[in-house]
Amino acid sequence: MFQSDLLKGKRILVTGGGTGLGRSMAQRYLELGANVVICGRREEVLKQTAQELTAESGGAIETVGCDVRIPDAVEAMMDTVWAGGPLDILVNNAAGQILAQTHRLSTRAIDSVLGIVLHGSAYCTVAAGRRWIEQGLRDRVVLSILTVSSLTGAPFTVPSAMAKAGVLAMTRSLAVEWGPKGIRTCAIVPGPFPTEGAWSRLMPKERGGNEALVRTIPLRRVGEHDELANLAAYLVSDGAGFVNGEAVVIDGGKMLQSGGGGASTQSMIDWTDEQWDAIRPKRK
Ligand code: NAP
């Protein structure tokens, strides 16, 4: 789909790049010639991923242990990243998520999700942006991975929806503030992409599994990691140089299906022609 040197020479940091979608994006970036750094709290997971990705793609990948909730840890990570060369692209992907009734959440649980997603994305973005601006480095990109709930809200995952909406506001605000300095800010809004992390936290069997889920998606399937990784490659590439402040939804149409006519209209999507014939007035 892309030229194999699309991202040659680009130094890219993917937060939470040891697992799930972060890992898939890191893999695609490596395949396209980038020099990739992944961070997360569990260093053994990062090392294992780095080994596997290097074996598969032969690309250069570095790991840095970092809890993005801690400002000093983020600064130390950026110093480590910069020691290997200035960063070109930051991908804010690290996240935490809790499925729960909001009135029963502890303040600790709320702080944890806001800490990783809202504060962590802000700390990483500011730490990279400050270095870029002070060093006069242009043609830089911040790509943040959001959720559909950042646009619509979502019951039972309220801290995440709040935090991701904040990251969307950051993306749109900085597009204007940092655009003149040659820094683009963009976002991806993914629908359901199976990952061990998201599925273990958000898809208890009581929700009806993938079968119930795909009925809520017009394309009648979940997303494939390659599809998201391709979008993530395009948005950070020089070819997307005029895309700024945009949040691109990649969800098979799921967000649109739940709008408009509501639940009763949704059930009509699976009606047979006979069911439709039964409600249409007969022409005389
Ligand atoms: P995942 O595999 O659980 O990835 C989350 C990553 O974040 C992990 O590698 C984790 O590593 C890291 N992380 C968590 N807390 C951190 C912290 N305090 N500091 C640094 N790293 C931290 O989940 P995923 O499904 O791939 O999600 C990736 C992104 O896509 C998230 O932003 C998520 O909101 C978004 N998304 C996913 C879906 C989906 O269907 N999968 C849908 C919409 C949006 P450690 O635990 O080692 O720190």
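The values are calculated or read from the model by the stated rules, or taken from the named source; none is laboratory data. Quick caveat, the model's predicted, so the values are computed rather than measured. Quick reminder, even Gly has a Cβ in these numbers, built from the backbone with ideal geometry, and neighbours come from all protein chains shown. We work out accessible area using only protein heavy atoms, side chains counted, and drop any ligands, DNA or RNA first. Shrake-Rupley method; radii C 1.70, N 1.55, O 1.52, S 1.80 Å.
What the table shows:
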{"item": "Gain in span if fully extended, Ser173 to Gln275, counting 0.36 nm per residue against the direct Cα distance", "result": "31.8 nm"}
{"item": "Spin-label model distance (nm) - Arg207 vs Ile110, 7 Å beyond Cα toward Cβ", "result": "2.3"}
{"item": "Two-site FRET efficiency, Gln101 against Asp5, from Cβ-Cβ distance with R₀ of 45 Å, rounded to 0.05", "result": "0.35"}
{"item": "Interatomic Cα distance distribution for region 96-161, bins of 10 angstrom, percent", "result": "19, 40, 24, 14, 3"}
{"item": "Relative contact order computed over region 11-255 (Cα-Cα under 8 Å; 6+ residues apart), in percent", "result": "19"}
{"item": "Per-residue HN-Hα couplings for region 233-241 [Karplus 6.51, -1.76, 1.60; θ = phi - 60°; Hz; x = Gly/Pro]", "result": "6, 4, 5, 8, 7, 4, x, 9, x"}
{"item": "Percent of alpha-carbon pairs separated by more than 13 Å within region 10-52", "result": "43"}
{"item": "Per residue accessible area in Å² of the chain, where ligands, DNA and RNA are left out and the probe is 1.4 Å", "result": "51"}
{"item": "For region 226-247 versus region 52-126, the gap between their alpha-carbon centres in whole angstrom", "result": "20"}
{"item": "Separation of alpha-carbon centers, region 170-220 and region 7-46, rounded to whole Å", "result": "18"}
{"item": "Potential extension, Phe156-Val126 segment - 0.36 nm per residue separation minus Cα distance", "result": "7.8 nm"}
{"item": "Length added when fully stretched, Thr216-Gln48, from 0.36 nm per residue minus Cα-Cα", "result": "57.0 nm"}
{"item": "Rounded tilt (10° steps) of 120-134 against the dominant C-alpha axis of the chain", "result": "40"}
{"item": "Computed [θ] at 222 nm, helices only, for the chain once each DSSP H run of length n ≥ 4 contributes -39500 (n - 2.57)", "result": "-13500 deg cm²/dmol"}
{"item": "Ranked packing of 163-173, 202-212, 108-118, most packed first, by mean Cβ within 10 Å", "result": "163-173, 108-118, 202-212"}
{"item": "Within the accessible area of region 11-255 (1.4 Å probe), percent carbon and sulfur", "result": "54"}
{"item": "Distance histogram for region 37-189 (every C-alpha pair counted, 10 angstrom bins, percent rounded to whole numbers)", "result": "11, 36, 35, 16, 2"}
{"item": "Among Val236, Leu118, Leu213 the positive-end extreme of the charge dipole of region 11-255 (Cβ point charges)", "result": "Leu213"}
{"item": "Computed over the chain, Cα set: Rg, Dmax in Å", "result": "20.4, 80"}
{"item": "Region 1-79: Cα Rg divided by the 2.2 N^0.38 Å rule of thumb", "result": "1.06"}
{"item": "Degrees between helix 20-31 axis and first principal axis of the chain (Cα, 0 to 90, nearest 10)", "result": "60"}
{"item": "Dipole magnitude (debye, nearest 20) for the chain, charges at Cβ of Lys, Arg, Asp, Glu", "result": "860"}
